[in-house]
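Read-outs: derived from the displayed coordinates by stated rules, not from any lab. Not measured: the values here are computed from a predicted model. We place every Cβ from the backbone using ideal geometry, glycine too, and count neighbours over all the protein chains shown.
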């Protein structure tokens, strides 16, 4: 499981940062890639990575501001020519369906794959046997949401030494023992998985916030996450601007991460007013004074989400 930041700027693209887009690669887990937001030129950013658009099976849109959705029509269209034959599900707030339908109809774009558009509300919006995705409304000028991606707990490691000690020799039977609660051996004996399996591995949690002001009621969405991706549009001394424009400062994001008890905080959605290395050093230092385990993402930054 890896995060790849395709755009980390706020509002408009700059020479150093494109607008919002983030890929969550789940290739080892379910052989898919999920995209969170799709600002202008996201498909160009993808060209600078090893991401195959055909592997992107789901797109989650946090809100309908242009810097988060203007890349969607182009991406959806190009996917037809980039090996994207499998279905794609697009999740977004109310209005996303109209935006896509009008864009595709007006441009006479014909997709070569099934597109399902889901307009979500708060709560659980997706679930399978591997992952569950929840969303919560945040505090922005228009409806904006944050996502909590929860991986299911994984079965522990097979205790091979214990199996051998019990006289069960290696072979296909080991796979059966791990996958089933009870397994009938060729000898007629029934063995129980729980007797030959180690502790389960707790699933990882990734929290990704859309644009928002700081609110303590958002803590639950990030609680105990392995990683929190949060906007930090403004520096600590621009708190009044952050409040006025419905955004968050570096220290506010750090405070939320601290109160939520996350493992690591990654800041993104950085205003174009902060351009040089000194600016980045200062922004990072502000957040670290509140929450030391913090990184400021730049375009194409990659972060591996590890188990605790």
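Which of the peptides 223-229, 149-155 is most tightly packed, and how do the rest follow, judged by the mean count of other Cβ atoms within 10 Å per residue?
In descending order of packing, they fall as 223-229, 149-155.
Sorted by average packing, counted as other Cβ atoms within 10 angstrom per residue and highest first, what order do 17-28, 189-200 take?
17-28, 189-200
Quick one: work out the % antiparallel among DSSP beta bridges in the range 1-149, nearest 5.
The antiparallel fraction comes to roughly 60 percent.
What would the Debye formula give as log10 I(q)/I(0) at q = 0.07, 0.10, 0.15 Å⁻¹ for the alpha-carbon point model of the chain, no solvent?
Log10 of I(q)/I(0), two decimals: -0.32, -0.60, -1.11.
Please figure out what share of the DSSP beta bridges in the chain is antiparallel and state it in percent, rounded to the nearest 5.
For the chain, the DSSP antiparallel bridge percentage is about 60.
Multiplying the sequence separation of residue 44 and residue 244 by 0.36 nm and subtracting their Cα-Cα distance, what value in nm do you get?
68.8 nm
With a point put 7 Å past each Cα toward its Cβ, work out how far residue 117 is from residue 158 in nm, to one decimal.
It works out to 4.7 nm between the two label points.
Take the alpha-carbon centre of the range 9-63, take the same for the range 230-271, and report the distance between them in whole Å.
Measuring centre to centre over Cα atoms gives 22 Å.
What is the calculated FRET efficiency for residue 101 to residue 132, with r their C-beta to C-beta distance and R₀ = 25 Å, to the nearest 0.05?
Efficiency for this residue pair is about 0.35.
Can you list the residues of the range 9-28 with backbone N under 14 Å from a point 7 Å past the Cα of residue 275, pointing along Cα to Cβ?
So the set is 13-17.
Going by how many other beta carbons lie within 10 Å of each one, how would you line up 241, 184, 138, fewest first?
Going from least to most buried by this count: 184, 241, 138.
Mind ranking 286-293, 126-133 by how tightly packed they are, going by the mean number of other C-beta atoms within 10 angstrom, highest first?
Result, highest mean Cβ count within 10 Å first: 286-293, 126-133.
Is it possible to state the helix-based mean residue ellipticity at 222 nm for the chain, with each DSSP H run of 4+ residues giving -39500 (n - 2.57), the sum divided by total residues, to the nearest 500 deg cm²/dmol? What is it?
-7000 deg cm²/dmol
Given points 7 Å out from each Cα along the Cα-Cβ axis, report the residue 108 to residue 306 separation in nanometres with one decimal.
5.4
Treating only the Cα positions of the range 115-180 as identical point scatterers, give the base-10 log of I(q)/I(0) from the Debye formula at each q in 0.23 Å⁻¹.
Results for the range 115-180 at q = 0.23 Å⁻¹ read -1.00.
Can you sort 280, 1 by how many other beta carbons sit within 10 Å, fewest first?
280, 1
Provide the FRET efficiency to the nearest 0.05 for the residue 190-residue 298 pair, computing r from the beta carbons and using R0 = 35 Å.
My answer for the efficiency is 0.05.
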